[in-house]
């Protein structure tokens, strides 16, 4: 495992203490030279360009050195950055930027992966031999592996990295040790509070979250797509008259064997709305008859967010067609008992 480097803070504190109060009244020294040490791969010119310091500027302590350290760490090339001051020059001061580069990546291996082949894991990580490999990059790789396993149904999979010794060229091998765990099935999706629409119909609206059963019999669950599927539920309700429908809560839990998961979703349907009278204003360039033909909702029809959005889109398109591309169409809904 990589260990986070804490020398950035140490270097910054060192420079702050160097610039104590007794020098506050002195004129800031002029930078006459910038040197770079410790860089074996990174071009010196890149370090100088990225550091934020230039020859001829006055060195403001402690702000300039601290900013230089931050700038160079952002490159993600270095595990250590220090800014030192050499006053032993003819004029001004020389700035010495001492860096320690992240190691180069050697061979990447995987252990414990039976469900997913090493080739697919390598493609997912996108790591390239000889690239700089930082602790952050390793952590991202561990997360990518876990995410890939979750997509395959291994919700409890874990990945831990282990760094080997560097070879003669400074390349460090990296091994990802994977604990796949058991493949988890979504055994049941249960709804509460759905008094009007059946659970079976609601489950059909969840495009990427599927319980065991159905045509193909396979379950599917992904944390990200589950969020999208909850929005699909609300969209379905709002398309069928339940304008105020909301999901009050949802919970996911495992059985004792950690082989099955269950999802409970509590819904508040709210009242069933119908559209009331539809009016419009501000249409100076298009007559009422032209607007009326584009509105696909009518007095007494069941409320539908989908139809409301379609009406808005068609009116906006008509204005764009006649050159009013900045025209805005803003529906104003006024709930009144069971009407909108």
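In the stretch 270-327, which residues are in a helix (DSSP H, G or I) and within 30 Å of residue 192 (Cβ to Cβ)?
Within the stretch 270-327, the first condition is being in a helix (DSSP H, G or I), and the residues that meet it are 288-292, 305-321.
Scanning the stretch 270-327 gives 305, 306, 307, 308, 309.
Applying the condition of being surrounded by 17 or more Cβ atoms within 10 Å (Cβ to Cβ) and without any contact (Cβ under 8 Å) to a residue 40 or more places away in the chain to the stretch 147-159 and asking which residue is farthest from residue 174 (Cα to Cα) yields 154. Being touching a strand residue (DSSP E or B) at 6+ places or on another chain (Cβ under 8 Å) and either in contact (Cβ under 8 Å) with a residue 12 or more places away in the chain or in the same structural domain as residue 138 (by TED's automatic domain parsing) (or both) is the requirement here; does residue 189 meet it? Answer is yes for this residue. State yes or no: is residue 47 modelled with pLDDT of 95 or more, under 30 Å from residue 174 (Cβ atoms) and either out of contact with any helix residue (DSSP H, G or I) (no Cβ under 6 Å at 6 or more places or on another chain) or surrounded by fewer than 16 Cβ atoms within 10 Å (Cβ to Cβ) (or both)? Considered against the rule, which asks whether it is modelled with pLDDT of 95 or more, under 30 Å from residue 174 (Cβ atoms) and either out of contact with any helix residue (DSSP H, G or I) (no Cβ under 6 Å at 6 or more places or on another chain) or surrounded by fewer than 16 Cβ atoms within 10 Å (Cβ to Cβ) (or both), residue 47 comes out as yes.
Residue 237 passes every criterion in (1) buried (at least 19 other Cβ atoms within 10 Å of the Cβ); (2) more than 21 Å from residue 302 (Cβ to Cβ) apart from (2).
Only residues that are over 34 Å from the mean Cα position of the chain (by Cα) and without any contact (Cβ under 8 Å) to a residue 24 or more places away in the chain: list them for the stretch 315-326, please. If you could, list the steps in order and put the result at the bottom.
Going through the stretch 315-326, the residues over 34 Å from the mean Cα position of the chain (by Cα) turn out to be 315, 318-324.
Within the stretch 315-326, 320, 321, 323 qualify.
For the stretch 123-146, the criterion of being in contact (Cβ under 8 Å) with a residue 12 or more places away in the chain, farther than 30 Å from residue 179 by Cβ and buried (at least 19 other Cβ atoms within 10 Å of the Cβ) is met by no residue. Counting only strands (runs of 3 or more DSSP E) that sit wholly inside the stretch 89-206, those with at least 1 residues that are modelled with pLDDT of 90 or more, out of contact with any helix residue (DSSP H, G or I) (no Cβ under 6 Å at 6 or more places or on another chain) and more than 28 Å from residue 259 (Cβ to Cβ) are 93-101, 104-111, 158-163, 171-179.
The values are calculated or read from the model by the stated rules, or taken from the named source; none is laboratory data. Predicted model only: the values in this text are computed from it and were never measured. Note: ideal-geometry Cβ built from the backbone for every residue, glycine included; neighbour counts use all protein chains shown.
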